[in-house]
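Q: Pasting a structure below so you can have a look.
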Amino acid sequence: MILTHQPFAACAQLVSVARGAVTLKKGARGVGVRLLQGGLLDLGYKMPGSIQKAGVPDGIFGLETTQVITKFQGAEKLKDDGVVGKATMMRLDALAAKKASAPPPVPAPAIPSAAVSVDYTLGLADPPHPPDPGAGPWNSRPTEASYLALRSAIAEVLPASIPLVGDDAVAHMWHYLNCSGRPYAIDLAGMIEEVPSAKTKYGQEVTQAKKFVEDLPVGTHQITSRNVEAGYNHKSENQNWYYAIGGYKRWGTGQATVQQGPQGRSYVLDYTYRFYDRYNWDGGKSVTLFGVTITDYFMGEFHRQGIAREFDCHGSVRRRFTWKHGENVSPAQLTAPATSERGA
């Protein structure tokens, strides 16, 4: 990696400057300029005319930025021409990386293997489903201008990124960057329909519930999963849901009615398939949008610096299943959930 300060390394334009392919000077605009300004601010240089509200650099290489770059070059015994070339870029990168005190990136977790069937039990309570540790405490580190600049750059390109990563991935990231931390109801019916493994796991869960119901006595019963099971939306299956969710927990609850008639036993199951995940990117996950590479590291650092916030994702789909003893639940019932929560 030619640049070591994480926000700089995320920007293709700044990497090109570090390679000596291009320069940045007065009149330039965009993400690269914004990140340069953020780095200078983090190093203690004052740029009041280039700062928007909340301390976010404006990304315009104007007179003030030229003057500050010249001042920086003089202080570092570089050619003080106000132009950011390879030497200036590399020195700014080295100082910014040294000043930053962010924790190292978290290694990628193991992707869960195929889930093992679990039994259902009588009752109403959901099984325990604790969140993973995520990025740690929210707003636990000082906010750095270079990360504010990176967050702002990502927010600007998100609306145009739906064709690249998908509508759910963009919606979930918007909720994260909005920093409310409020729970969010995902489009679980859409995920089941669009991700092959999610559809399979939904069918497995219903089959488990059906088998349990067939062993119950005549009457009406509340049922629930004993434990949660894992699922994972792989990028090769559906890029949208890979970036929107990745790994998740799932289980089922419902009300079952068992009847005994002249033709034998019959069953009605008002079933709810449930989902939970904590929105935080798995280690090793990244995506490049319009020259800016977003990584799990940045997502966690935004949370720790208090400029984005992890949140709980939940979801459910509901359907009534009816069948006679020994009869299979139809594939149409399994693959077409009737209702789904959606939204924040």
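Q: Out of (1) among the charged types (D, E, K, R); (2) buried (at least 20 other Cβ atoms within 10 Å of the Cβ); (3) over 30 Å from LYS211 (Cβ atoms); (4) in contact with a strand residue (DSSP E or B) (Cβ under 9 Å, 6 or more places away or on another chain), the odd one out for ASP187 is which?
A: (3)
Q: Among the residues in region 194-213, are any part of a strand (DSSP E or B), buried (at least 16 other Cβ atoms within 10 Å of the Cβ) and out of contact with any Phe, Trp or Tyr (no Cβ under 8 Å at 6 or more places or on another chain)?
A: We begin by selecting, within region 194-213, every residue part of a strand (DSSP E or B); these are none.
Checked region 194-213: no residue is part of a strand (DSSP E or B), buried (at least 16 other Cβ atoms within 10 Å of the Cβ) and out of contact with any Phe, Trp or Tyr (no Cβ under 8 Å at 6 or more places or on another chain).
Q: Does region 280-288 contain at least one residue that is out of contact with any Gly (no Cβ under 7 Å at 6 or more places or on another chain), modelled with pLDDT of 95 or more and either closer than 26 Å to HIS172 by Cβ or not β-branched (Val, Ile, Thr) (or both)?
A: Within region 280-288, not a single residue is out of contact with any Gly (no Cβ under 7 Å at 6 or more places or on another chain), modelled with pLDDT of 95 or more and either closer than 26 Å to HIS172 by Cβ or not β-branched (Val, Ile, Thr) (or both).
Q: Among the listed residues ASP296, ASP312, which satisfies the condition of being in contact (Cβ under 8 Å) with a residue 24 or more places away in the chain, among the acidic types (Asp, Glu) and closer than 24 Å to ALA189 by Cβ? Write out each step before concluding.
A: Values: ASP296 fails: closer than 24 Å to ALA189 by Cβ.
Being in contact (Cβ under 8 Å) with a residue 24 or more places away in the chain, among the acidic types (Asp, Glu) and closer than 24 Å to ALA189 by Cβ holds for just one of ASP296, ASP312, which is ASP312.
Q: Can you pull out the residues in region 176-189 that are outside any loop (DSSP other than H, G, I, E, B) and touching a helix residue (DSSP H, G or I) at 6+ places or on another chain (Cβ under 7 Å)?
A: Initially, region 176-189 is screened for residues outside any loop (DSSP other than H, G, I, E, B), giving 176-177, 184-185, 188-189.
Selection gives LEU177, TYR184.
Q: Continuing with the same structure: Answer yes or no as to whether VAL218 is buried (at least 21 other Cβ atoms within 10 Å of the Cβ), β-branched (Val, Ile, Thr) and either without any contact (Cβ under 8 Å) to a residue 60 or more places away in the chain or not assigned by TED's automatic domain parsing to the domain that holds TYR184 (or both). Steps first, answer last, please.
A: Working: buried (at least 21 other Cβ atoms within 10 Å of the Cβ): no; β-branched (Val, Ile, Thr): yes; either without any contact (Cβ under 8 Å) to a residue 60 or more places away in the chain or not assigned by TED's automatic domain parsing to the domain that holds TYR184 (or both): yes.
It is false that VAL218 is buried (at least 21 other Cβ atoms within 10 Å of the Cβ), β-branched (Val, Ile, Thr) and either without any contact (Cβ under 8 Å) to a residue 60 or more places away in the chain or not assigned by TED's automatic domain parsing to the domain that holds TYR184 (or both).
Q: List every residue pair whose Cβ atoms lie under 6 Å apart, where the two residues are 6 or more positions apart in sequence or sit on different chains, the first residue falls within region 190-205 and is at positive phi and modelled with pLDDT of 95 or more, and the second residue, located anywhere, is assigned to a helix (DSSP H, G or I) and surrounded by fewer than 17 Cβ atoms within 10 Å (Cβ to Cβ).
A: Listed pairs, sorted by first residue: none to list.
Q: Note down all Cβ pairs under 7 Å where the first residue falls in region 119-135 and is in the same structural domain as GLY254 (by TED's automatic domain parsing) and touching a residue at least 60 places away in the same chain (Cβ under 8 Å), the second is assigned to a loop (DSSP other than H, G, I, E, B) and β-branched (Val, Ile, Thr), and they're at least six residues apart or on different chains.
A: These pairs meet every condition: PRO127/VAL228; HIS129/VAL228.
Q: Further question on the same structure: Can you name every residue in region 255-276 that is charged (D, E, K, R) and either closer than 30 Å to ASP132 by Cβ or without any contact (Cβ under 8 Å) to a residue 60 or more places away in the chain (or both)? Steps first, answer last, please.
A: Kept after step one, since they are charged (D, E, K, R), are these residues of region 255-276: 265, 270, 274.
Within region 255-276, ASP270, ARG274 meet the criteria.
The values are calculated or read from the model by the stated rules, or taken from the named source; none is laboratory data. Being a predicted model, the structure only gives us computed values, none of them experimental. Positions of Cβ are generated from backbone atoms using ideal geometry, with glycine treated the same way; all protein chains shown enter the neighbour counts.
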